[in-house]
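S.K.: My questions will all concern the structure given below.
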Amino acid sequence: MKQTALTEVHRRLGAKMVEFAGYEISIQYTSIRAEHMRVRTSVGVFDVSHMGEFYVTGPDREAFVDLVTVNDVKALNEGQVQYSCACMNHAGIVDDLLVYRFPDKIMLVVNGANVTKDWNWFVEHKKGNLELTDHTEEITLLAVQGREAAKTIQKLTKTDLSKIKYYWFQNGEVAGVSSIISRTGYTGEDGFELYFANKDATKLWDALFEAGREFEIEPIGLGARDSLRLEMKMCLYGNDIDETTHPLEAGLGWITKLNKGEFIGRERLLEFKAAGMKRKLVGMEIQGNAFPRHGYDILSQDGSKIGQVTSGTVSPALEKGIALGYLPVELIEIGTEVQIDCRGKTFPAVVVKTPFYQRPY
């Protein structure tokens, strides 16, 4: 297994380590619930260095990224970040990703489990005068998330974090370390991502924990990252979206710019839109003492199977079972009652408005 520059730090902290995306990754340190609530109430730090970073340079970089992603890259200003997807010709999702626009390059940040697949996909569809380079194994990526994230990082940087708007970034220094400082997040809380060289990983990690001590900052594993993003109905590739789903049915129509011109998958997406959706990804709350999990069957009121849970958990913030799943469009209205089969026992559930969690600040 590959290791991040901080793997030994996680081990010393007693983290439970698992294999994920070819890396040895920290899944939890204390408990998923405790770590989840730390992010919801103050601040936590995720080591997500397994994520992939590709640079696209050259005069045709914008046209190329516009071709292989569904959002409108031309609309991006320098210093701005865009959430997007790459689709196949049949509109199935290759991956969801972030697009960063620099003056001299575009950076694509892709899911760790898909780095090799995505790289091959982009290389296969490379078009024009440009260069693609993979910097995944050179970069440490920390996500500092929670209402006290800005106060924590501001102690360590001269960059005015209040000037970095949601889905924007700046180059700067944090604890004397040259970093890309971006403000996106995958938890529903305020927060920042720091991209920097592996050699500075321990230095910056230690500085963050010293700066955040007054806020009881803690390291957070991927287990809590999953429950946090689910409370926000943020899609997880491999669960809620994959090559068998397309952005319109996944609720990602807002990032899918069908009028921007040619891109891979556009023709099929136009056909789906014209024909009307047959199913959509919805959120459900489960009644009773049930723990919904990926793969559990969703049943109609008469007991017939109508779908499967794509993501599910007992929400630490809401203290109830929540789940995502694709339902036929005639059953997606808020308040529609369904059932979820949890290991042979059925529990009533209801389609609810998402995100499940609303932050109080």
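S.K.: Look through Gly52, Gly14, Gly22 and report the one residue that is surrounded by fewer than 17 Cβ atoms within 10 Å (Cβ to Cβ), of a type in the set (Gly, Ala, Ser) and under 19 Å from the mean Cα position of the chain (by Cα). Write out each step before concluding.
M.R.: Numbers: Gly52 fails: surrounded by fewer than 17 Cβ atoms within 10 Å (Cβ to Cβ); Gly14 fails: under 19 Å from the mean Cα position of the chain (by Cα).
Just one listed residue meets the conditions, Gly22.
S.K.: Scanning for something touching a residue at least 12 places away in the same chain (Cβ under 8 Å), more than 25 Å from Glu271 (Cβ to Cβ) and surrounded by 23 or more Cβ atoms within 10 Å (Cβ to Cβ), does region 73-81 turn up at least one residue?
M.R.: Within region 73-81, not a single residue is touching a residue at least 12 places away in the same chain (Cβ under 8 Å), more than 25 Å from Glu271 (Cβ to Cβ) and surrounded by 23 or more Cβ atoms within 10 Å (Cβ to Cβ).
S.K.: Take Lys273 and tell me if it is buried (at least 17 other Cβ atoms within 10 Å of the Cβ), at pLDDT 95 or above and among the charged types (D, E, K, R).
M.R.: Details: buried (at least 17 other Cβ atoms within 10 Å of the Cβ): no; at pLDDT 95 or above: yes; among the charged types (D, E, K, R): yes.
No: the conditions fail for Lys273.
S.K.: Between residues in region 282-307 that are touching a residue at least 40 places away in the same chain (Cβ under 8 Å) and surrounded by 16 or more Cβ atoms within 10 Å (Cβ to Cβ) and residues that are among the aromatic types (Phe, Trp, Tyr) and in a loop (DSSP other than H, G, I, E, B), which pairs lie under 8 Å by C-beta distance while being six or more apart or on different chains?
M.R.: Pairs found: Gly283/Phe356; Glu285/Phe356.
S.K.: Then there's this: Looking at this structure, is Thr244 hydroxyl-bearing (Ser, Thr, Tyr) and either part of a helix (DSSP H, G or I) or surrounded by fewer than 18 Cβ atoms within 10 Å (Cβ to Cβ) (or both)?
M.R.: Values: hydroxyl-bearing (Ser, Thr, Tyr): yes; either part of a helix (DSSP H, G or I) or surrounded by fewer than 18 Cβ atoms within 10 Å (Cβ to Cβ) (or both): yes.
In short, yes.
S.K.: Hey, which of the strands (runs of 3 or more DSSP E) in region 269-361, taking only ones fully inside, have at least 1 residues that are of a type in the set (Ser, Thr, Tyr)?
M.R.: Numbers: elements: 279-286, 297-299, 305-315, 320-328, 337-342, 345-352.
Fully inside region 269-361 and qualifying: 305-315, 320-328, 345-352.
S.K.: OK, next. Hey, can you tell me all the residues within region 243-269 that are closer than 27 Å to Lys320 by Cβ and either touching a Gly at 6+ places or on another chain (Cβ under 8 Å) or in the same structural domain as Gly185 (by TED's automatic domain parsing) (or both)?
M.R.: The answer is Thr245, and nothing else.
S.K.: For region 259-293, what are the residues that are of a type in the set (Asp, Glu) and closer than 14 Å to Gly92 by Cβ? Let's see the steps before the verdict.
M.R.: Pass one, region 259-293, residues of a type in the set (Asp, Glu): 262, 267, 271, 285.
Scanning region 259-293 gives Glu267, Glu271.
S.K.: OK, next. Could you please let me know if Val110 is closer than 21 Å to Gly221 by Cα and hydrophobic (A, V, I, L, M, F, W, C)?
M.R.: Values: closer than 21 Å to Gly221 by Cα: yes; hydrophobic (A, V, I, L, M, F, W, C): yes.
Yes; evaluated as a whole, the condition is true for this residue.
S.K.: Is one or more of the residues making up region 184-193 in contact with a Ser or Thr (Cβ under 8 Å, 6 or more places away or on another chain) and more than 30 Å from Thr69 (Cα to Cα)?
M.R.: No, there is no match, as no residue in region 184-193 is in contact with a Ser or Thr (Cβ under 8 Å, 6 or more places away or on another chain) and more than 30 Å from Thr69 (Cα to Cα).
S.K.: When the residues of region 224-235 are filtered to those that are in a helix (DSSP H, G or I) and among the basic types (Lys, Arg), which remaining residue is farthest from His10 (Cα to Cα)? Talk me through it step by step, then tell me what you get.
M.R.: Within region 224-235, the subset in a helix (DSSP H, G or I) is 224-231.
From the residues that got through so far, the ones that are among the basic types (Lys, Arg) too are 225, 229.
Numbers: Arg225: 16, Arg229: 22 Å.
Within region 224-235, the match that is farthest from His10 (Cα to Cα) is Arg229.
S.K.: Now for a separate question. Find the residue count for region 169-185, including only residues that are buried (at least 17 other Cβ atoms within 10 Å of the Cβ), assigned to a strand (DSSP E or B) and touching a residue at least 60 places away in the same chain (Cβ under 8 Å). Let's see the steps before the verdict.
M.R.: To start, the set of residues in region 169-185 that are buried (at least 17 other Cβ atoms within 10 Å of the Cβ) comprises 169, 172, 174-175, 177, 179-185.
Those left that are additionally assigned to a strand (DSSP E or B): 169, 172, 174, 177, 179-182.
Now drop any that are not touching a residue at least 60 places away in the same chain (Cβ under 8 Å), which leaves 169, 180, 182.
Of the residues in region 169-185, 3 are buried (at least 17 other Cβ atoms within 10 Å of the Cβ), assigned to a strand (DSSP E or B) and touching a residue at least 60 places away in the same chain (Cβ under 8 Å).
S.K.: Of (1) more than 22 Å from the chain's Cα centre (by Cα); (2) surrounded by fewer than 16 Cβ atoms within 10 Å (Cβ to Cβ), Leu130 satisfies all except one. Which?
M.R.: Of everything listed in (1) more than 22 Å from the chain's Cα centre (by Cα); (2) surrounded by fewer than 16 Cβ atoms within 10 Å (Cβ to Cβ), Leu130 misses just condition (2).
S.K.: Just give me the residues in region 211-223 being assigned to a helix (DSSP H, G or I) and over 15 Å from Ala149 (Cβ atoms), in sequence order.
M.R.: Hits for region 211-223 are Leu222, Gly223.
S.K.: Something else about it: Among the listed residues Glu210, Glu271, Glu214, Glu262, which satisfies the condition of being in contact (Cβ under 8 Å) with a residue 60 or more places away in the chain and on the phi < 0 side of the Ramachandran plot? Outline the logic, then answer.
M.R.: Values: Glu210 fails: in contact (Cβ under 8 Å) with a residue 60 or more places away in the chain; Glu271 fails: in contact (Cβ under 8 Å) with a residue 60 or more places away in the chain; Glu214 fails: in contact (Cβ under 8 Å) with a residue 60 or more places away in the chain.
Testing whether each residue is in contact (Cβ under 8 Å) with a residue 60 or more places away in the chain and on the phi < 0 side of the Ramachandran plot leaves just Glu262.
S.K.: Kindly indicate which of Thr57, Thr152 is in contact with a Leu (Cβ under 7 Å, 6 or more places away or on another chain) and buried (at least 20 other Cβ atoms within 10 Å of the Cβ).
M.R.: Exactly one of Thr57, Thr152 is in contact with a Leu (Cβ under 7 Å, 6 or more places away or on another chain) and buried (at least 20 other Cβ atoms within 10 Å of the Cβ), namely Thr152.
The values are calculated or read from the model by the stated rules, or taken from the named source; none is laboratory data. Predicted, not measured: the structure shown is a model, and the values here were computed from it. Positions of Cβ are backbone-derived with ideal geometry, glycine not excepted, and every protein chain shown enters the neighbour counts.
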